[in-house]
Amino acid sequence: MALAHNLGFPRIGAQRQLKQSLEAFWRGDISQTELQQTGAALRHQHWQWQQQAGLDLLPVGDFAWYDHVLQLAQSFGVVPSRHQSIEQPLAQLFAMARGTSNDTGNAAALEMTKWFDTNYHYLVPELEIDQGFSLQSSSLIEQVDEALEQGLDIKPVVVGPVTFLWLSKCVGEQFDKLALLPQLLNAYSQLLQQLNQRRCGWVQIDEPVLSLDLPESWLHALVTSYQQLTAEFEGRVLVANYFGGLADKLTWLNQTGVAGLHIDAVRAADEVQAIAIQWPADKVLSIGVVDGRNVWRADLSAALTLLTPLHEQRGDNLWIAPSCSLLHVPVDSDVELELDDELRGWLAFARQKLSEVVALTRALNGCQSFTDRALFTDSDQIQRQRAHSSRVLNLAVRQRCHSVLPEHLQRQSRFGQRQLIQADVLKLPKLPTTTIGSFPQTAAIRQNRAALKNGKLSQPDYDAFIEAEIADEIKRQQQLDLDVLVHGEPERNDMVEYFGEHLQGVAVSQYGWVQSYGSRCVKPPLVYGDVARPQAMTVRWSKYAQSLTDKPVKGMLTGPVTLLNWSFIRSDLPRAEVAQQLALAVRDEVADLEQAGIQIIQIDEPALREGLPLRQRDQQDYLQWAVGAFRLSANGVADSTQIHTHMCYCEFEDVIESIATLDADVISIEASRSDMTLLSSFIDYDYPNAIGLGLYDIHSPNVPEVAAMVADLQRAKQTFPVEQIWVNPDCGLKTRGWPETEAALANMVAAAKQSRTAI
Ligand code: GLN
Ligand code: ZN
């Protein structure tokens with residue numbers, strides 16, 4: 001009998017209950033006991049749903065208050081000294097996650113970074129040269145006890161030692177992290193002993209680093225780790241890999257003695273057959289056949305065709321699962337009642353995916369229920385429907401994509417020439433000042449948006465409100481004497497969702513939230529069909545803003561690659577093609593803005609670097625089509641129109657050539673938090689176009705001092721021609737309040753003016 005299991009369930013709650021409770025707790029509105037009750041209720045509910053779906057083994061340990069990597073670090077005693085004085089474990093956990101500040105000083109949070117190529121962020125454990133590891137109170141064990149009390153068939157889940165070490169960072173004196181492996185393994189041994197005492201039959205140890213290019217020393221570490229852990233654990237160890245392939249590491253894994261291996265059969269579909277042959281038949285092979293990174297119903301018949309021969313070969317040793325933890329998808333598509341039935345029928349969020357896993361397993365085992373069969377019939381029908389639906393296939397869009405020519409990606413003249421023409425039309429001072437687009441999203445803005453949604457405010461009244469906001473924001477910018485103004489984005493709830501709402505082929509869900517970090521969730525749009533732009537999306541607001549001032553107002557768009565990387569994308573078309581369709585839609589908007597008299601247009605691409613594939617061999621290809629998509633969206637304009645782009649914080653070193661190839665007239669980047677070190681990639685590369693220096697950190701309410709910004713500008717002037725330098729904050733201001741925003745911008749403008757006179 002094949003077995004159905006799951007690698008992890010979304011922890012945030014179908015109605016984002018964890019988010020609400022966490023934030024209420026941080027505000028001091030609820031007690032720790034109340035917060036813990038929410039956690040327990042969510043775990044209980046999630047196990048119940050998974051059990052009802054018919055899974056044989058439920059994952060336990062996937063719940064975390066903020067982040068599972070952080071939680072594991074804390075349970076091994078990997079706590080930076082600045083947070084060690086906090087004794088209460090939960091308070092300490094939140095201090096590590098969010099930082100603390102009090103009279104005695106500040107203790108910064110751990111650094112946060114992306115979990116592989118997902119939009120989930122984990123907190124980076126900090127290791128010192130003499131780092132000790134020992135098991136403290138463990139949230140995993142607590143969750144295991146709780147689940148066992150509820151009489152559930154469980155499989156504890158934990159991030160593995162190789163991944164933990166790889167993702168951690170060295171602080172203080174530099175050293176080889178692998179030197180810490182023996183001590184780290186001792187902590188894992190202590191954890192496994194606790195599981196031995198509880199007679200756990202299986203443990204799932206996640207090693208997603210197996211999807212990366214790993215140096216050989218790390219593969220040795222893999223073998224050492226699992227030889228030790230399998231010897232110490234009395235049950236059996238399932239090593240779980242996801243987000244990519246691991247065929248290149250199979251001979252190493254074969255030496256480890258692990259009893260089971262989970263592979264991502266969606267991302268690495270081409271490896272399944274080879275692994276099925278090479279992985280011993282007396283060991284468990286778990287096939288992650290239901291896509292845990294996307295939201296579409298699986299093609300169950302195709303999956304069954306893949307699995308049937310594997311089941312004949314392996315029998316009991318075949319397990320079926322989603323490709324990865326379901327942390328990366330929303331909870332339940334059945335509640336999306338605002339979507340039409342057809343589209344809703346195409347969706348499978350976490351709960352639906354588990355039904356698919358179970359239906360497949362039962363089909364293999366020859367014990368399908370009526371509902372399992374219905375799921376197969378539906379799935380076949382949906383595949384046919386989607387293949388022929390006119391809302392998926394838009395011939396005009398396809399034709400347009402076919403007729404894209406290299407010259408469509410090309411500006412008319414080179415940057416040097418454009419720069420002269422633009423200087424002539426725009427007549428900006430040296431070191432021009434601007435902002436990144438959004439201004440504070442005030443309570444009034446949110447209230448009006450909500451009122452429009454629930455029908456309490458009419459569209460014309462809402463539009464009038466937005467215009468009044470824009471007028472107010474233009475006035476404030478003029479008083480601040482900024483050089484290039486923005487309309488402030490009051491009409492946008494989110495820089496991706498707003499465009500999702502206006503594009504054809506894209507839908508927006510109501511509850512499709514996915515955890516991004518801590519209590520922060522995102523609701524990615526669903527790109528289900530060919531993308532078209534039925535009408536202008538932003539022109540009205542930009543044009544109105546421009547009508548109020550003689551200064552140039554910068555148009556503000558989200559770029560095609562960011563729209564792509566921050567959405568759930570259809571799986572029946574290569575990503576590169578979806579990117580091209582999005583690019584054409586943005587290109588049309590750019591053209592309309594230009595037509596409406598907007599002389600400067602910013603196309604934000606904060607997620608361009610984020611989409612970089614995990615394996616080096618795939619990266620060039622991605623960069624090529626991603627850069628192509630940006631160029632297609634941006635480069636249809638006249639020389640006199642100035643294109644800006646914005647990238648937030650990102651490591652530019654390995655992608656600087658691609659960034660330069662974007663050929664944006666101005667790129668704004670973060671420069672303050674990294675102490676201007678991000679700039680070094682641009683300096684080393686001799687970056688030819690203009691750069692907007694993110695002179696202060698918008699993530700903090702602190703008002704930056706003029707002198708500090710003058711000093712930064714001074715340094716920049718020593719390395720860049722002054723004509724190439726712009727002055728701006730490091731990101732949009734939507735999360736800030738007005739008082740600190742105005743104070744900070746006033747100082748920024750003052751710094752620019754002072755620096756001008758020194759030229
Ligand atoms: N224009 C957007 C804003 O100002 C950019 C946001 C971002 O880069 N993440 O909010
Ligand atoms: Zn930004």
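Read-outs: derived from the displayed coordinates by stated rules, not from any lab. Model, not experiment: these values are computed from the prediction. For neighbour counting, all protein chains shown are included, and Cβ atoms are generated from backbone atoms with ideal geometry for every residue, glycine included.
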Dipole in debye (nearest 20) - the range 3-58, about Cα centre, beta carbon charges: Lys, Arg +1; Asp, Glu -1: 100
Amide H within-cut-off set for Arg570, under 5 Å, with H built and near neighbours excluded: Val527
Listed residue (Gln352, Thr641, Ser681) projecting farthest to the positive dipole end of the chain, Cβ model: Thr641
Cβ charges +1 (Lys, Arg) and -1 (Asp, Glu), total dipole of the chain, debye: 840
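By count of other Cβ within 10 Å, fewest leading, how are Ser138, Ser286 ordered? Present the calculation step by step, with values, prior to reporting the outcome.
Working: Ser138 21, Ser286 24.
Fewest-to-most Cβ neighbours within 10 Å comes out as Ser138, Ser286.
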Counted charge near Asp588, where neighbours are those whose Cβ lies closer than 12 Å (Asp, Glu -1; Lys, Arg +1): 0
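At a Förster distance of 25 Å, what's the computed FRET efficiency of Asp29 paired with Leu337, Cβ-Cβ distance as r, to 0.05?
Numbers: r = 30 Å, r/R0 = 1.21.
Once rounded, the FRET efficiency stands at 0.25.
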Other-chain or far-sequence residues with amide H under 5 Å of Trp319's (modelled H): Leu3, Leu285, Ser286, Ile287
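Treating the beta-carbon of each Lys and Arg as +1 and of each Asp and Glu as -1, no other charges, what is the dipole magnitude of the range 208-277 about its Cα centre, to the nearest 20 debye? Mind dumping the intermediate values first?
Values: 3 positive and 8 negative charges, 24 e Å.
That gives the range 208-277 a dipole magnitude of about 120 debye.
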Hz values of 3J(HN,Hα) by residue in the range 360-376 - Karplus curve (6.51, -1.76, 1.60), Gly and Pro given as x: 5, 4, 5, 4, 5, 7, x, 9, 6, 8, 4, 5, 4, 5, 4, 4, 5
Directionally averaged projected area (convex hull, Cα atoms, the chain), nm²: 32.0
Of the trypsin sites (Lys or Arg not before Pro) in the range 386-479, those whose Cβ has at most 10 other Cβ within 10 Å and which sit in DSSP loop: Lys427
Rounded to whole Hz, the Karplus (6.51, -1.76, 1.60) HN-Hα couplings of the range 160-167, x for glycine and proline: x, x, 5, 5, 4, 5, 4, 7
Rounded Å value of the spacing that divides the Cα centres of the range 503-554 and the range 575-607: 12
Stretch gain in nm, segment Ala91-Asn702, where the contour uses 0.36 nm per residue and the Cα spacing is subtracted: 217.5 nm
Residue-averaged [θ]222 nm for the chain, counting only DSSP H segments that reach four residues, each worth -39500 (n - 2.57): -13500 deg cm²/dmol
Spatial separation of Cα centroids for the range 359-438 and the range 113-153, in angstrom: 36
Mean-position separation - Cα centroids, the range 713-729 and the range 653-690, in angstrom: 12
Equivalent ellipsoid dimensions for the range 257-315 as semi-axes, Å, which come from the Cα gyration tensor, largest first: 21, 13, 9
Other-chain or far-sequence residues with amide H under 5 Å of Gly555's (modelled H): Ile600, Ile601, Gln602
Links that overshoot a 32 Å alpha carbon limit, given the list Lys543/Lys734; Lys114/Lys543; Lys523/Lys717: Lys114/Lys543; Lys523/Lys717
Virtual spin-label span in nm between His220 and Gln385, 7 Å along Cα→Cβ: 5.6
Per-residue HN-Hα couplings for the range 97-103 [Karplus 6.51, -1.76, 1.60; θ = phi - 60°; Hz; x = Gly/Pro]: 6, 10, x, 9, 9, 8, 4
Options Leu310, Val335, Gln278, ranked by Cα towards positive dipole end of the range 263-385, top entry (Cβ charges): Gln278
Above-threshold pairs, the threshold being 20 Å between Cα atoms, out of Lys427/Lys753; Lys19/Lys155; Lys427/Lys551; Lys19/Lys169; Lys430/Lys551; Lys283/Lys353: Lys19/Lys155; Lys19/Lys169; Lys283/Lys353
Dipole axis of the chain (+1 Lys, Arg; -1 Asp, Glu on Cβ), positive-most option in Pro534, Leu713, Ser658: Pro534
